[in-house]
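Taking it in order: structure first as structure tokens, then the write-up.
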Amino acid sequence: MVVASATLAATPVCAQNDDDDDDDKPTGPVVSIDVLATYLKASGFSFGFGVPRLSTLTLTSPSSQSFTVDAPLKIELDGWFTVYAGFGGAASKSGSGPWSSFKLDNWKTGFLADVYTQAEGQWLPSVTLTGSVSRPLDQALIQTTTWTAGLDLDLAVDTEQTRGLLAGVGYTRVTVDHNIGTIRPVTLLYAGAYRQFDAWKLSATAGMQFFRGAEVANLINVKPVDIRFVRAELEKLDDDDNRLLAMAVAVGWSPKASIQLTLNVPIYIAK
């Protein structure tokens, strides 16, 4: 997988005294290649759903399957602001037909900002803002740009922050080049909870995703559809709460059922 590249320089913080262990360690950005693989099996005209939010909006034909891989370069700055950029590829099949060849088909860039972190003993949740933009690589008949934005809340309910509640909202808008049609926005709402056991974290969420339909030339005419979904995710974390591995399964229905499986494996370059 081809990813964006960058040259980074980190300046160590000099120790003030021998007793301050934290000052003896160099500080700098956390850099990784964030590999995310997604398998989607959909019935009827559907698309990816759940959290993470949509990176691209792909309307599928009946009984379709797709496999996508994204591998952006991800840089976490100052522990609260993260930027990323890279490429993704996909393979798909429709009905009883064969799988297409896997190929790079889009680029994407975005950010994640922890704008507020819950203080110990307080009941104001941590707040995270996200945003991204993506475009296809090939010169297809219909060229689109996909914009996403999200607001996520995390409320720990114990002092060790091993149990908590989750909630969030997401918004996806797809613009079509040359004004040849309209793809209306996708809005997502979810709520859930999590529990951490040592290095493992289990979370479960449920929500709704609202798509208001699309009309593009004489090629696409999709009616509005609401997708209800449930999702479970298992993460493995290191001692600094950096993600080492995450596996998730989501089931949605509208009312036809779809299933989505994801595997996230960050490959750390510096941390």
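The values are calculated or read from the model by the stated rules, or taken from the named source; none is laboratory data. Predicted, not measured: the structure shown is a model, and the values here were computed from it. Neighbour counts run over all protein chains shown; Cβ positions are idealised from the backbone, glycine included.
Per-structure values
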{"quantity": "Candidate set from region 183-236 (those that are at negative phi and in a loop (DSSP other than H, G, I, E, B)); member that is surrounded by the fewest Cβ atoms within 10 Å (Cβ to Cβ)", "calculated": "N218"}
{"quantity": "Any hit, region 130-138, residues being out of contact with any helix residue (DSSP H, G or I) (no Cβ under 9 Å at 6 or more places or on another chain) and β-branched (V, I, T)", "calculated": "yes"}
{"quantity": "Looking only at region 127-150, and only at residues there that are aliphatic (A, V, I, L, M) and in contact with a strand residue (DSSP E or B) (Cβ under 7 Å, 6 or more places away or on another chain), the one that is nearest to G88 (Cα to Cα)", "calculated": "L137"}
{"quantity": "Residue in region 67-88 that is closer than 22 Å to P255 by Cα, in contact with a Lys or Arg (Cβ under 8 Å, 6 or more places away or on another chain) and either at pLDDT below 85 or of a type in the set (D, E, K, R) (or both) present", "calculated": "no"}
{"quantity": "Residues located in region 102-136, provided they are in a loop (DSSP other than H, G, I, E, B) and of a type in the set (A, V, I, L, M)", "calculated": "A119, L124"}
{"quantity": "Selection within region 147-187 - without any contact (Cβ under 8 Å) to a residue 60 or more places away in the chain, β-branched (V, I, T) and closer than 24 Å to F111 by Cβ", "calculated": "V169, T175, T187"}
{"quantity": "Filtered residues of region 52-66 (kept if within 19 Å of V35 (Cβ to Cβ) and either assigned to a strand (DSSP E or B) or at pLDDT 55 or above (or both))", "calculated": "S66"}
{"quantity": "Among residues of region 67-101, those that are outside any loop (DSSP other than H, G, I, E, B), buried (at least 17 other Cβ atoms within 10 Å of the Cβ) and within 19 Å of the chain's Cα centre (by Cα), counted", "calculated": "17"}
{"quantity": "Hits in region 127-154 (condition: closer than 19 Å to V83 by Cα and surrounded by 18 or more Cβ atoms within 10 Å (Cβ to Cβ))", "calculated": "T128, T130, S132, S134, T146, T148, G150, D152"}
